[in-house]
Structures are given as structure tokens and as C-alpha cells.
Amino acid sequence: ALAAGSSSPSIGFKAIPIGTGDSVVVPEGYRVQAFIPWGTPISGSMPAFSLDASGEDQAHQIGSHHDGMHFFAIDGSSRDGLLVLNHEYVEPRFLHGAAAGLALDADGFPQHEDGSRDADQVRKELNAHGVSVVRVRQGDDGQWQVVEDRLNRRVTGLTPMQLAGPVAGTEHVVTKYSPDGSMTRGTLNNCAHGVTPWNTYLAAEENWAGYFANEDAEIDRRQSRYGIATRAEGRYQWHRAQGGADEFVRFDATSHGTSPSEDYRNEPHAFGYMVEIDPFDPQSTPVKRTHLGRFAHEGVIFAPAVEGQPVVAYSGDDARFEYIYKFVSARPYQAASADGSLLDEGTLYVARFNDDGSGEWLALAPGQNGLTPENGFADLADILVNTRSAADHVGATKMDRPEWGAVDPATSQVYFTLTNNTRRSEEQVDAANPRAENHFGHIVRWQEEGTHAAERFTWDIFVLAGDTESGRDLAGEPLGQEAIFASPDGLWIDPDRRVWIQTDISESVMNTGIHEVFGNNQMLVADPETGEIRRFLTGPIGQEITGVVTTPDQRTMFVNVQHPGATTSAEAFAAGESVSHWPDGGSAIPRSATLVITREDGGIIGA
Ligand code: FEO
Ligand code: CA
Ligand code: CA
Ligand code: CA
């Protein structure tokens, strides 16, 4: 095990039991309020939430499926700031209240008899994706409210974006929309996030491959290695919107024209990145930072910036047997001038975890580790567009679905959740991924040898998630009832070093079979020194808990509840029913929302 670093944080609340009800439960002495559910108006003419809201209305309302999130304090305040949050995807069966009359396809999307889609419904789905920037303020009564403000903004699947870094301006990203490969439109499937040392927000593009159709007979590794198969059908069928608008047609990546500037064969190559958004400049164009690699980015976590040293950021690729990466900037951090261009020059590395507890970072750069033209990697842009293939080539360690990371402010140890991987066989087990058929996941951590820019590290396993029989804490002891969990996903270490762990047991197995003992998805707190874990929060039916941050004074915590009601059966969906009515209650459809958590005594959350 890694050396102990410091003293334990105080963890003062009484653990709660697992939850199975359609509500949020927090410890004794805590309060919780549901806030900014999907459809809450934030900008423009402030269109009220309605199931009949138009695609354009949705561009002025909070999106769906809340995920990664950060609170940007205004003037250092803990009662006034910008809440910035991702909207990962949509549930069409809840999104389109007035879709009656149209048949639903297998994924629940309304379609016309000829398979075409209603253009405004497609617009609404695209606008329900992306990022919300919303000013929020705490009133004297302690309640948080949305403030109508010029900084409020939606970034969606339709927002123009700039490409930056080595892939920008190359033939890989030439499209009819951007013949010089400098621009693209929209960000999709934004799971977790990152916050840069210069106080901007990064949204991750995770499962973007599923939005594209491609009917070409052959698809190269820029798409095939990312899960785009030769097929007419993407899940969302956006390219089949009636009217054939260019902004929808582009989701068909088939080669229709005679050159890449006549069609959208390259459109998928403009997805799979970290997207930088300046929340304090509502006119700014979001920027896709290609040097951080192209994969199913879960999120990104920056090491604390040190004046005069490189900027370092860690990122996981959430798919079975994929990798953990780190970017090290070429130029040093200088607080006075630091900006996003620091992310456009540097080195992307991928991790190898050796069985003896050591590890190394392998550079994904031209001429290094066999990444040469002879081996099929023409140049840096080619390596980055094909990040997964490059990582395969250098022999990185295939992990059990890397999700969020976090850095311990006292020890500089880096933690990463590995959510699960039921497809790992006995032959594929290694020390860092020690369980075959890994149903419950684990958390790995490492210490760099020197600064965060080091090329070697030592690692251990912080916890093996599971029930009281299969779970193991830092000391190798079975997890107690107050500590059992499965499928760790969201992860955050607060300034006092409490390790917040959020779970995402898939709706396909939630509350059934071996997962029944875990109840609904939840959030727990771990002590990084002793490894003790205590359950803090349980969520309503069918959701995952994801996204967590506090105000600077740590007296208000924001947590997201994503996809309540997702365990509703197809038959019940078809009948307009749901197993969850959270947060509105009654017979309302469920909505993703943000939780605002405070203490009755006004104290620090978790202490
Ligand atoms: Fe969107 Fe990997 O969770
Ligand atoms: Ca996630
Ligand atoms: Ca999920
Ligand atoms: Ca997940």
C-alpha cells in the first residue's frame, strides 16, 4: 500500500441504510432540496417547463440527464455563483409529451411511418444535450434560486465550436460545414467534466459514437475502433429529420459526395474530445481541445497547478478494456497568462500498471514507443484521432472502465474509479484489474514519482466494491453494511480530503439479482487514510447519482440525480407510466435534477 500522508478528515455524520424508495435520503441533521430539474427556464424569454415545449424553448431551459458539474463562485462568494453542469443524454419517452400519434421505435424515439423524424423533436433532443450555465444565489431564507442573468447560457448539440490542437485544420476533420477543418457543431453525451487552473469548464464527450449512422461498405479505425459499425441506423436517427436540414443530416457519416468537403464522412472525427467553455463569457465559442486525446472521455481532472511547471490533466476512457491517460503541457503554467492554449501543445501519455505495484506513462507521440509511419501512425494528428489504436500499440493496461478521477490535496495521490467489467476473463486478470467478471468495480490510486509530470508511479487498490462478502476495504477487510456499494463512477475529493464516491449501477441490473442488496444508486464518503467508508445519500428509483461539488465554504453541496425512472419497463413506458415520479411527485413524469444539500446547523458538509 502507498504510504499514509496526513491526518484523516473529520467524517461526522451517522451512516444511512441503503435506499429503495422514490426519494432522496440524507443523514440526520441534513436538509435536501431538488433544484433546476430538466426544463427549468434560464434564458431568452424564460419559456416555462412544459412537455409541449418546442425545440427552440429547450435551448433556453435546463437540459436533461444532469451529470458532471462545478460551482464557479462570483467574487469568491459561497452564496452567489454560476452552476455549470452537463446534460449527458435524453429519454425520448419522457421528453416528448405531445408525441402521441407517432409510433415509438425500439429506443423510444417517435417516428413517422416512413422512418423519418419530426424536425422539431430532433431539435429538442439536440438542445436537451450539452451544458447549462446558470447563475444561482442563496436567499436569506437559505433557499437557492435561479437568477435571470446575462451569463446564463445553454451550450447544446447545435452550438458552433472551434477545433484546437494538433487535429484542428487537418484532413481528418474536413467537412461540408468546415472545409478547412477548423470548426464543428455541438457537443454530445457530456458525462463528467473538468475545471482548469484558469477557471474555465471542460465538458467530456463520452458515448458520442452511438449518434452516428454510416452505410459505407468499409469504415476505418477512426470510426470502427470507437464503435461506429457499418449500419444505416444510429440510435437517435437525427439524420432522418424531415426537411433535410444540414445540421441534422450531418449525423449520417456515409460518403455521399466525391470529396470530404461535400459530405459528413468526417463528422465523427470532430467528436470524442474535451470541450472548453468559459462560463464568464457568454459570447465565447466553445473549443474542442484535441491534444487531450480522442476517446470516450469520461471527464478530466487537473493536478493543482504550480507556477513555472507544466499543466497536468488525467482522463479516463470509459469502455471495457480501455485506458487511463494523462496530458502534460509543453509550456509552463504562469497564473498571470494561463489559458486554454496550454492544452494545445504537450504530450499525451497512457498508463501501464505493472503487477509489482509500479507503473509508467507511455508517450503517445510521433517516433516514440513505436508510433511511426511504418507502423501506421503518420503524424501527431493521426495518433490523436486514433488515440485508442495508439494506446493499443504501445501496450498500455486495459482497465475495467475508467470513470472519474480525483487528486488528494495533501498527498497528491490520484484516485480513479473503475466501474465494472463483467467481460474480463480469468486469463485477462492482472494486479490492477484483479477480478474476473468484475460486476462491482473498484478504485485504484497512484502516487507519481516526483511531480505530476513524472513518467513513473507506484499504485495500489483503495477499495474493491461489493457486498459484505465480496467487498474489501483498504485493509483487506470485508465492507460493512454501511459501506457496501457497486459500480463507482463519480468521484471527488473535497478540500478537507473527504473522498466522495457516487454509484452508477446500470438500470439493466439495478435492484435485481446480485445487485439487489445495494438498493438505489447512492453516494458515500471514504477516509483516504484509514479507508473507512460511510453511506451519505441514497437516491430515488431508477437513477444514478453523479456530479458533486460544494461552495467554497463547503456549507452547500450540489449533487446530480440522473435518469430517475429509467427502470420503467417498455410496456409501462408505452402506457405512459413510470416507476418514479421524482422530484415532482403525484403522477408527474420523473426529471433529472440537482440536489442542494445543507446542514441544519449550517456546518461543513460531511464533517
Ligand atoms: Fe457516462 Fe462513464 O458514465
Ligand atoms: Ca459517469
Ligand atoms: Ca450512466
Ligand atoms: Ca457510468
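The values are calculated or read from the model by the stated rules, or taken from the named source; none is laboratory data. Keep in mind the model is a prediction, meaning the values are calculated, not measured. Positions of Cβ are generated from backbone atoms using ideal geometry, with glycine treated the same way; all protein chains shown enter the neighbour counts.
Here are the numbers:
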{"read-out": "Residue check for G539: farther than 25 Å from S23 by Cα and small (G, A, S)", "value": "no"}
{"read-out": "Wholly enclosed strands (runs of 3 or more DSSP E) of region 222-322 bearing at least 3 residues crowded, with 24+ Cβ neighbours inside 10 Å", "value": "274-277, 287-289, 310-316"}
{"read-out": "Cβ pairs under 7 Å, 6+ apart, first in region 187-202 and touching a residue at least 40 places away in the same chain (Cβ under 8 Å), second of a type in the set (S, T, Y)", "value": "L188/Y211; N189/Y89; H193/Y201; V195/Y201; P197/Y333; L202/T196"}
{"read-out": "Criterion violated by S569 - all others in (1) more than 16 Å from ligand 4 (Cβ to nearest atom); (2) at pLDDT 95 or above satisfied", "value": "(2)"}
{"read-out": "Matching residues, region 549-563, being free of Cβ contacts under 8 Å to residues at least 60 places away in the same chain and within 16 Å of ligand 3 (Cβ to nearest atom)", "value": "V559"}
{"read-out": "Single residue of V499, V517 found to be at pLDDT 95 or above and within 20 Å of the chain's Cα centre (by Cα)", "value": "V499"}
{"read-out": "Cβ-Cβ under 7 Å pairs, at least 6 apart or on other chains, region 381-403 side assigned to a helix (DSSP H, G or I), far side of a type in the set (V, I, T) and crowded, with 23+ Cβ neighbours inside 10 Å", "value": "A381/V167; L384/V167; L384/T290; V385/V167; A390/I383; A391/V350; V394/V350"}
{"read-out": "N189, sole failed condition from (1) away from ligand 1 (no atom under 12 Å from the Cβ); (2) within 25 Å of F321 (Cβ to Cβ); (3) of a type outside the set (K, R)", "value": "(1)"}
{"read-out": "Options D504, D494; residue that is surrounded by 17 or more Cβ atoms within 10 Å (Cβ to Cβ), within 21 Å of K14 (Cβ to Cβ) and not aliphatic (A, V, I, L, M)", "value": "D494"}
{"read-out": "Complete set of residues in region 46-74 that are under 22 Å from L491 (Cα atoms) and surrounded by fewer than 17 Cβ atoms within 10 Å (Cβ to Cβ)", "value": "A73"}
{"read-out": "Residue in region 296-308 that is within 17 Å of the chain's Cα centre (by Cα) and under 13 Å from Y349 (Cα atoms) present", "value": "no"}
{"read-out": "Cβ pairs under 9 Å, 6+ apart, first in region 165-176 and without any contact (Cβ under 8 Å) to a residue 40 or more places away in the chain and farther than 18 Å from R250 by Cβ, second of a type in the set (G, A, S) and assigned to a loop (DSSP other than H, G, I, E, B)", "value": "G169/G181; G169/S182"}
{"read-out": "Where G108 falls short, out of the listed (1) in contact with a Phe, Trp or Tyr (Cβ under 8 Å, 6 or more places away or on another chain); (2) surrounded by 20 or more Cβ atoms within 10 Å (Cβ to Cβ)", "value": "(2)"}
{"read-out": "Yes/no for T411 being in a strand (DSSP E or B) and either in contact (Cβ under 8 Å) with a residue 60 or more places away in the chain or over 20 Å from E455 (Cβ atoms) (or both)", "value": "no"}
{"read-out": "Hits in region 445-495 (condition: within 16 Å of ligand 4 (Cβ to nearest atom) and either in contact (Cβ under 8 Å) with a residue 40 or more places away in the chain or hydroxyl-bearing (S, T, Y) (or both))", "value": "F485, A486, S487, P488, D489, G490, L491, W492"}
{"read-out": "Subset of region 480-521 [among the charged types (D, E, K, R), within 16 Å of ligand 3 (Cβ to nearest atom) and in contact with a Gly (Cβ under 7 Å, 6 or more places away or on another chain)]", "value": "E507"}
{"read-out": "Residues of region 194-219 classified as within 16 Å of ligand 1 (Cβ to nearest atom), under 13 Å from L292 (Cβ atoms) and either of a type outside the set (D, E, K, R) or in a loop (DSSP other than H, G, I, E, B) (or both), total", "value": "4"}
{"read-out": "Checking W492 against (1) within 13 Å of ligand 2 (Cβ to nearest atom); (2) farther than 14 Å from G405 by Cα, the condition it does not meet", "value": "(2)"}
{"read-out": "For M183: the one exception among (1) within 22 Å of L292 (Cβ to Cβ); (2) in contact with a Ser or Thr (Cβ under 8 Å, 6 or more places away or on another chain); (3) surrounded by fewer than 21 Cβ atoms within 10 Å (Cβ to Cβ)", "value": "(2)"}
{"read-out": "Residues of region 493-547 that turn out to be away from ligand 1 (no atom under 15 Å from the Cβ), outside any helix (DSSP H, G or I) and among the charged types (D, E, K, R), as a count", "value": "9"}
{"read-out": "Criterion (surrounded by fewer than 24 Cβ atoms within 10 Å (Cβ to Cβ), without any contact (Cβ under 8 Å) to a residue 24 or more places away in the chain and either within 16 Å of ligand 4 (Cβ to nearest atom) or not small (G, A, S) (or both)) met by exactly one of E360, E374", "value": "E374"}
{"read-out": "Residue match in region 574-586 (condition: more than 15 Å from ligand 4 (Cβ to nearest atom), farther than 20 Å from H193 by Cα and not in a loop (DSSP other than H, G, I, E, B))", "value": "yes"}
{"read-out": "Pair list, Cβ under 8 Å, 6 or more apart: region 203-218 residue under 18 Å from F248 (Cβ atoms), other residue assigned to a strand (DSSP E or B) and modelled with pLDDT under 95", "value": "A213/R231; N214/R231; E215/R231"}
{"read-out": "Complete set of residues in region 416-438 that are away from ligand 2 (no atom under 16 Å from the Cβ), crowded, with 19+ Cβ neighbours inside 10 Å and under 22 Å from the mean Cα position of the chain (by Cα)", "value": "N433, N438"}
